[in-house]
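Reviewing the structure listed below.
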Amino acid sequence: MHPAFSVIFFTVTSGAGYGLFAITALYQALAAQQVMSPVQVLVSCAIALFLITIGLISSTFHLANPKNAWRAFSRVRTSWLAREGLLAILFYPIAAGYLYLVWQDMQGAVMNATAILAAVWAVVTIFSTGMIYACLKTIRQWNNALTPVNYIMLGVMLGSIIFVIIASIGEGMSQGVITTSAYLIAIAAVSKLVYFFWIGAPAGSTINTATSFTNNMVRLLDVGHTAGTFLTDEFGFEVARTRLLALRWMVAVFAFVVPALMVWLSLASGPVTIAYVVALLSAFGGVLTERWLFFAEARHVVNLYHGSQQC
Amino acid sequence: MKLGLVIDLDTCVGCNACAVACKQWNTSGTTGPLSDLEPYGKDPTGVWFNRIRNYEVGEYPDNKTVHFPMSCMHCEDAACVTVCPTGASYKREEDGIVLVDQDKCMGCNYCAWACPYGARELDREQGVMKKCTLCVDRIYDENLPEDERQPACVLTCPSHARYFGDFDDPNSEVSVISRERNGESLMPEMGYQPVNKYLPPRAKTKVQTYVNDTNPISKVKDWVNRLVTR
Ligand code: SF4
Ligand code: SF4
């Protein structure tokens, strides 16, 4: 699949925003001891909303006819894209309600319930972003349960790193916050590595099932067009195997290994803020690469008609 | 009704007449124009509802060239419709034709991602998705003589490799011919239940091939034959 930068940027940035919002709200509601002052919570959520918003705006850049974008909520009953849009829009009033309660310094059940609602809503929104891809039977590298898991985990991981940076600037900072982010980085890393392993085995449709000649060798003689078409531009994207492998290593190092080292440094009583800023920069780059690979490695079955033997 | 096409892979000669007739009719039809980019440039490209690819099937000497026209299959379980967020893509209740409402589409390409058959192409000039309409603006047109109320591709095919009709009627030409000649669906494992059927090439007699003679006398003869130029 052709990796469109606007979509890559959108999924990574708003994923991080939803992750940050969810963690901030959850910590507020569930932690025994507060790690952020109300002002820090407001700042954290404001940053989250900023990330979400620039992500959503960037996602409209890949529309060929953006003036009809307002219609994108019409098919909520069947379309994950419509669901994602609706969840993303409805998140704003919920977030605003939560921020209002923080502003008023509310405590107690209503506050906690709103915080949990906002956090769950944020995670469900990332889930539906993942489902946009995971529901497509035409792309086997996406059509599996790990796709939404990866989307959620990488968003939450980035969010947790930003959360630690903001928390570390205040008074209430604790070791617990750092260990939580360490766990999240570990889960995100494992789920992504399993995904790479999982999509490795060739399976699914072949040029034989595509052309109905299942008893014979089938070979493309002529693709029928002299220049590229919409189909070859959109789906024909191919990268050399060795380059893909190098990029996978890059993902592993920048998205997981460097942040893990920074966590370790912080736990060994290094300067937490600086270590986590380094972790954030590295992880953001790593996850952008991961998202680029997510598209670049995806092989749409229409390539079978253009000569691929298996997708 | 379940309208669709049958394509006879035995008789299709790969002349592209159907694709051209389709483009000609539909560029001025309800979903037209079918924009071209750089039509007179080095790499002309543009929207086509119907594309013909050519394959070699089987191994020498029993191989065969198969010309393979493909357009929208008007699938019964059309994921292109269910994934469309705007409601621009829809499947008609009355005859099963899958269409794109050009006024509602936002050009997100999502439906093209969901289609296994490459039947949808974005019109990059107009920013909206285009696809085969099964000539919905011909087949019901009462101003046309009755035998011309068929898709442009079917009417034009010089080798009569295309049939149009209602698969819900077990006695229609398309139902009978796909039953008798084992009409196949493409990529059935996707579960889209494509309506269009492809008739496999008829079985041919085994091809006789010349086997090299190993007897020494004929080897010498062969050698002499190669030496002596006539
Ligand atoms: S062939 Fe593609 S565009 Fe046509 S109905 Fe099936 S999935 Fe949709
Ligand atoms: S490109 Fe148009 S028809 Fe296709 S899914 Fe998007 S809005 Fe629907």
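The values are calculated or read from the model by the stated rules, or taken from the named source; none is laboratory data. All figures in this text were calculated on a predicted structure; none of them were measured in a lab. Note that we place each Cβ from the backbone using ideal geometry, even for glycine, and neighbour counts take in every protein chain shown. Ligands, DNA and RNA are excluded from the accessible area calculation, which covers all protein heavy atoms including side chains. Shrake-Rupley method; radii C 1.70, N 1.55, O 1.52, S 1.80 Å.
So the values come out like this:
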{"read-out": "P(r) histogram, all alpha-carbon pairs of the range A:150-239 included - 5 Å bins from 0, percent", "value": "3, 10, 11, 12, 11, 10, 8, 8, 8, 7, 5, 4, 3, 1, 0"}
{"read-out": "Heavy-atom SASA rank of B:Glu38, A:Glu234 (probe 1.4 Å, accessible area, largest first)", "value": "B:Glu38, A:Glu234"}
{"read-out": "Zero-based 5 Å bins, Cα pair distances in the range A:179-219, whole percents", "value": "6, 19, 13, 11, 10, 9, 9, 7, 6, 6, 4, 1"}
{"read-out": "The range A:129-191 - Rg (one decimal) and Dmax (whole number), Cα, Å", "value": "15.1, 51"}
{"read-out": "Neighbouring partner chain Cβ atoms per residue of A:72-78, average, 10 Å criterion", "value": "5"}
{"read-out": "For B:112-125, mean number of other protein chain Cβ atoms within 10 Å", "value": "6"}
{"read-out": "Per-selection Kirkwood Rh - the range A:156-311 (Cα, Å, 1 d.p.)", "value": "18.3 Å"}
{"read-out": "For peptides A:2-11, B:77-86, sequence by mean Cβ density within 10 Å, most packed first", "value": "B:77-86, A:2-11"}
{"read-out": "Reachable lysines, given that their alpha-carbon falls under 25 Å from the alpha-carbon of A:Lys192 and they are not under 8 places away in the same chain", "value": "A:Lys137"}
{"read-out": "Within the protein assembly as shown, helix-based [θ] at 222 nm, where runs of 4 or more DSSP H residues each add -39,500 (n - 2.57), nearest 500", "value": "-15000 deg cm²/dmol"}
{"read-out": "For a label point 7 Å along the Cα-to-beta-carbon line of A:Ser37, residues of the range A:156-170 with backbone N under 13 Å", "value": "A:167-170"}
{"read-out": "Gaussian network model of chain A, Cα within-10 Å springs - most flexible of A:Ala275, A:Ala227, A:Ala240", "value": "A:Ala227"}
{"read-out": "Calculated over the protein assembly as shown: convex hull of Cα atoms, volume per residue (Å³)", "value": "211 Å³"}
{"read-out": "Taking the range B:3-204 and dividing mean pair separation by its residue count, relative contact order in percent (alpha carbons under 8 Å, at least six apart)", "value": "30 percent"}
{"read-out": "Pair A:Ala227, A:Trp264: separation of 7 Å Cα→Cβ label points (nm)", "value": "5.4 nm"}
{"read-out": "Exposure ranking of A:Val190, B:Val6 by accessible area [1.4 Å probe, largest first]", "value": "A:Val190, B:Val6"}
{"read-out": "Stretchable slack from B:Tyr140 to B:Ile177, in nm (0.36 nm times residue separation minus alpha-carbon distance)", "value": "11.0 nm"}
{"read-out": "Unit charges on C-beta of K, R, D, E only; dipole of the range B:3-204, Debye", "value": "580 debye"}
{"read-out": "Cα pair distances in the range B:3-204, grouped into 10 Å bins until the bin that holds the longest one, percent each", "value": "8, 34, 37, 17, 3, 0"}
{"read-out": "Axial C-alpha extent at least 15 Å, average Kyte-Doolittle at least -0.5 - helices from chain A (DSSP)", "value": "A:5-30, A:38-59, A:80-103, A:109-134, A:146-169, A:175-198, A:272-296"}
{"read-out": "Accessible area in the full protein assembly, largest first, 1.4 Å probe, for A:Lys67, B:Lys2, A:Lys192", "value": "A:Lys67, B:Lys2, A:Lys192"}
{"read-out": "Average partner coverage of B:194-202, which counts Cβ from other chains inside 10 Å", "value": "1"}
{"read-out": "The range A:1-113: Cα Rg divided by the 2.2 N^0.38 Å rule of thumb", "value": "1.23"}
{"read-out": "Span from the the range B:8-61 Cα centroid across to the the range B:93-168 one, whole angstrom", "value": "14 Å"}
{"read-out": "Whichever lysines have a C-alpha closer than 19 Å to that of B:Lys104, once near sequence neighbours (fewer than 8 apart) are set aside", "value": "A:Lys67, B:Lys91, B:Lys130, B:Lys131"}
{"read-out": "Approximate spin-label separation B:Asp222-B:Val13, in nm, with each point projected 7 Å along Cα-to-Cβ", "value": "3.8 nm"}
{"read-out": "Ratio Rg/Rh [Cα only; Rh per Kirkwood] for the range A:5-306", "value": "1.03"}
{"read-out": "Two-site label geometry, A:Phe5 and A:Arg219: point separation in nm, points 7 Å out along Cα→Cβ", "value": "4.1 nm"}
{"read-out": "The range B:62-98: GluC sites (Glu not before Pro) in DSSP loop, at most 13 other beta carbons within 10 Å", "value": "B:Glu93, B:Glu94"}
